[in-house]
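A.B. asks: I'd like to ask some things about the structure below.
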Amino acid sequence: MPQDERIMIEAERLTKTFGNFVAVRDVSLRVKAGGVLALLGPNGAGKTTTVRMLSGVLVPTSGQARIAGWDVVTHAAEIRRRVGVLTELPGLYLRSTAREYLDFFGSVYGLSKADRRARLTELMTQFEMSEVLDRRLSEFSKGMRQKLALIRTMLHDPEVLLLDEPTSAMDPQSARLVRDALQQLRDQHRRSMVLCTHNLVEAEMMADHIAIIRRGQIVAEGSPAELKAQLLGQPLMELRLAQPLNGTLAALHERLNVESCGDTWLRYWSHNPASENPPLLHWLSEQKVDVVTLSEVPRSLEEVYLRVVEQPIGQGS
């Protein structure tokens, strides 16, 4: 399949003020078709305000935003047709049944009765909710309500999804169903997404680009690998040996900055993890010591996030 290079979500210096309070300042973002941007940040950082501007719910004080090339302010009808928005606190009509609720929103989205029925059946089956179609929403758990709100968001098959905490309150099985559905939309249907979440493991699993927002400004962005390299420094490599080094470890530590993690485990900071023959491996080969495994020690997105948000304002970024 040829790569789709269309820019589906674009923001240029978006700014939103409420009186003297600047909620979002000069935020610029770009997401290609099939791309997933995770927008991370503390509570009150400006994530929700940014999403509301992208969806056309809030008018920017300055700057521009476009969805699939359409300006979010001047082409509101086109934006509604192309965008699915899941808010952090989705409003549900608790006296309605799931069927009534989804049928109503399907009609709002302009779907025919036949299309509404088909999409409702397809999505409720995919999210394992078919058995509760005719139950009132007041009887649903928080996780079930969240799944139903997500189904509503996807009902008109939008090109762009703006999702605020999509797996909030869900049990692990339901959260996995949601991630699988979103990954399928991304990979098979080239849908584009902005994902606001505090679940950093989920963000790293889903997103190809990360933007960390703090006090209304983007303070760090890049792919997960790029952010780790920029903010956490050289990768830490770990290797397991076929036999212990015994008395040679002290000299090895002094020469190559290697530390022991046990009789046959070593760790070292790599200046060039792509090198096929770093000095340590060369030295071990000379000593006729066999290496069983060599791998990079995993570093989490949480480490990156905490490094950014705990840094004093005005330093680094």
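Results for (1) of a type in the set (G, A, S); (2) touching a Gly at 6+ places or on another chain (Cβ under 9 Å); (3) closer than 22 Å to D208 by Cα; (4) surrounded by 18 or more Cβ atoms within 10 Å (Cβ to Cβ), shown as yes or no for each residue.
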{"position": "N20", "(1), (2), (3), (4)": "no, no, no, no"}
{"position": "R30", "(1), (2), (3), (4)": "no, no, yes, no"}
{"position": "R66", "(1), (2), (3), (4)": "no, no, yes, yes"}
{"position": "V73", "(1), (2), (3), (4)": "no, yes, no, no"}
{"position": "R81", "(1), (2), (3), (4)": "no, yes, no, no"}
{"position": "L94", "(1), (2), (3), (4)": "no, no, no, no"}
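A.B. asks: I'm checking my understanding of the structure. Among residues of the stretch 115-139 that are crowded, with 18+ Cβ neighbours inside 10 Å, of a type outside the set (V, I, T) and part of a helix (DSSP H, G or I), which one is nearest to the chain's Cα centre (by Cα)?
C.D. replies: Result: L123.
A.B. asks: From the list M144, M154, pick out the single residue that is surrounded by 15 or more Cβ atoms within 10 Å (Cβ to Cβ), touching a Gly at 6+ places or on another chain (Cβ under 8 Å) and under 19 Å from A175 (Cβ atoms).
C.D. replies: Unique residue meeting the criteria: M154.
A.B. asks: What number of residues within the stretch 83-104 are charged (D, E, K, R) and modelled with pLDDT under 95?
C.D. replies: 2
A.B. asks: I've got another one for you. Considering the stretch 96-114 alone, what residues qualify as being surrounded by fewer than 18 Cβ atoms within 10 Å (Cβ to Cβ), within 22 Å of G56 (Cα to Cα) and more than 29 Å from the chain's Cα centre (by Cα)?
C.D. replies: Hits for the stretch 96-114 are F104, S107, G110.
A.B. asks: So, in the stretch 74-99, exactly how many residues are out of contact with any helix residue (DSSP H, G or I) (no Cβ under 9 Å at 6 or more places or on another chain) and in a loop (DSSP other than H, G, I, E, B)?
C.D. replies: 3
A.B. asks: Among strands (runs of 3 or more DSSP E) lying entirely in the stretch 3-68, which contain 2 or more residues that are over 19 Å from L86 (Cβ atoms) and assigned by TED's automatic domain parsing to the domain that holds R82?
C.D. replies: Ranges flagged: 7-18, 21-32, 62-67.
A.B. asks: Out of the residues in the stretch 291-313 that are part of a helix (DSSP H, G or I) and in contact with a Pro (Cβ under 9 Å, 6 or more places away or on another chain), state the one that is modelled with the lowest pLDDT.
C.D. replies: V309
A.B. asks: Right, here's the next one. Kindly establish whether E122 is among the acidic types (D, E) and touching a Lys or Arg at 6+ places or on another chain (Cβ under 9 Å).
C.D. replies: Spelling it out, it is not the case that E122 is among the acidic types (D, E) and touching a Lys or Arg at 6+ places or on another chain (Cβ under 9 Å).
A.B. asks: If you don't mind, there's one more thing I want to ask. Hey, could you check the stretch 225-264 for residues that are modelled with pLDDT of 85 or more and assigned to a helix (DSSP H, G or I) and say which is surrounded by the most Cβ atoms within 10 Å (Cβ to Cβ)?
C.D. replies: Top of the filtered list is L227.
A.B. asks: Is it the case, given these coordinates, that G222 is modelled with pLDDT under 80 and either of a type outside the set (S, T, Y) or under 30 Å from R13 (Cβ atoms) (or both)?
C.D. replies: Spelling it out, it is not the case that G222 is modelled with pLDDT under 80 and either of a type outside the set (S, T, Y) or under 30 Å from R13 (Cβ atoms) (or both).
A.B. asks: Okay, moving on. Looking at the stretch 141-165 only, could you name the residues that are at pLDDT 95 or above and assigned to a loop (DSSP other than H, G, I, E, B)?
C.D. replies: Hits for the stretch 141-165 are L155, H156, D157, P158, E159.
A.B. asks: While we're looking at this one, here's another question. Scan I151, I212 and give me the residue that is under 28 Å from R6 (Cβ atoms), touching a Phe, Trp or Tyr at 6+ places or on another chain (Cβ under 8 Å) and without any contact (Cβ under 8 Å) to a residue 60 or more places away in the chain.
C.D. replies: Result of the check over I151, I212: I151.
A.B. asks: Just to be sure I understand the filter: pairs with C-beta atoms under 8 Å, separated by 6 or more residues or on different chains, first member in the stretch 43-60 and over 16 Å from Q217 (Cβ atoms), second member in a helix (DSSP H, G or I). Which pairs pass?
C.D. replies: S55/I79; G56/A76; G56/I79; G56/R80; L58/T49; L58/R52; V59/M53
A.B. asks: Among the residues of the stretch 225-234, write down those that are under 14 Å from the mean Cα position of the chain (by Cα) and either within 21 Å of G46 (Cβ to Cβ) or acidic (D, E) (or both).
C.D. replies: Hit for the stretch 225-234 is L227, nothing else.
A.B. asks: Is it the case, given these coordinates, that R191 is touching a residue at least 12 places away in the same chain (Cβ under 8 Å) and either surrounded by 20 or more Cβ atoms within 10 Å (Cβ to Cβ) or hydrophobic (A, V, I, L, M, F, W, C) (or both)?
C.D. replies: Taking the combined requirement at face value, the residue satisfies it.
The values are calculated or read from the model by the stated rules, or taken from the named source; none is laboratory data. Here the structure is a predicted model, which means the values were calculated and not measured. A quick note on method: Cβ atoms are made from the backbone with ideal geometry, for glycine too, and the neighbour counts reach across all protein chains shown.
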